[in-house]
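Working notes, structure below.
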């Protein structure tokens with residue numbers, strides 16, 4: 001009887017610890033998620049955490065620092081956009097040359113499949129460009 005009662009206590013302790021672990025893990029996940037969501041700029045949707053959210057969370061930025069860092073990042077983004085406008089035509093030319101070379105290697109049966117793959121890849125690239 002004593003051994004049976006000890007086993008029940010042990011099972012009960014393990015069960016309670018298991019439930020506490022789930023509760024603490026859930027609460028911790030909730031708190032971390034809320035902190036990241038609060039640091040995320042509006043309009044970010046369900047995408048991965050932005051650099052700003054990571055900086056805010058990991059560096060514990062003040063609101064003044066967040067404003068300054070966000071301004072720097074916006075300026076950098078505009079410089080990137082300028083570079084893309086200048087270089088995109090060259091990238092497109094290289095892309096088309098590469099595709100033409102691949103077409104020469106493919107059989108007539110493979111070419112339609114290749115064109116379909118290119119269409120899908122181009123569509124994905126356009127989506128990424130409109131939703132950076």
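The values are calculated or read from the model by the stated rules, or taken from the named source; none is laboratory data. Since this is a predicted model, take the numbers as computed values, not measurements. Virtual Cβ from ideal backbone geometry, glycine too; neighbours counted across all protein chains shown.
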Residues satisfying the stated conditions in region 60-111, i.e. farther than 26 Å from residue 32 by Cβ and not in a helix (DSSP H, G or I):
106, 107, 108, 109
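Yes/no matrix, rows are residues, columns are (1) surrounded by 10 or more Cβ atoms within 10 Å (Cβ to Cβ); (2) modelled with pLDDT under 85:
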site: 42; (1), (2): no, yes
site: 49; (1), (2): yes, yes
site: 66; (1), (2): yes, no
site: 86; (1), (2): no, no
site: 89; (1), (2): no, no
site: 99; (1), (2): yes, no
site: 110; (1), (2): yes, no
site: 131; (1), (2): no, yes
Return the only residue of 57, 128 being farther than 30 Å from residue 31 by Cβ and part of a helix (DSSP H, G or I).
128
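Every residue, every condition in (1) more than 25 Å from residue 81 (Cβ to Cβ); (2) in contact with a helix residue (DSSP H, G or I) (Cβ under 9 Å, 6 or more places away or on another chain), yes or no:
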residue: 93; (1), (2): no, no
residue: 96; (1), (2): no, no
residue: 107; (1), (2): yes, no
residue: 111; (1), (2): yes, yes
residue: 121; (1), (2): no, no
residue: 125; (1), (2): no, no
residue: 128; (1), (2): no, no
Go through (1) within 30 Å of residue 50 (Cβ to Cβ); (2) surrounded by 11 or more Cβ atoms within 10 Å (Cβ to Cβ) for residue 127 and report which single condition fails.
(2)
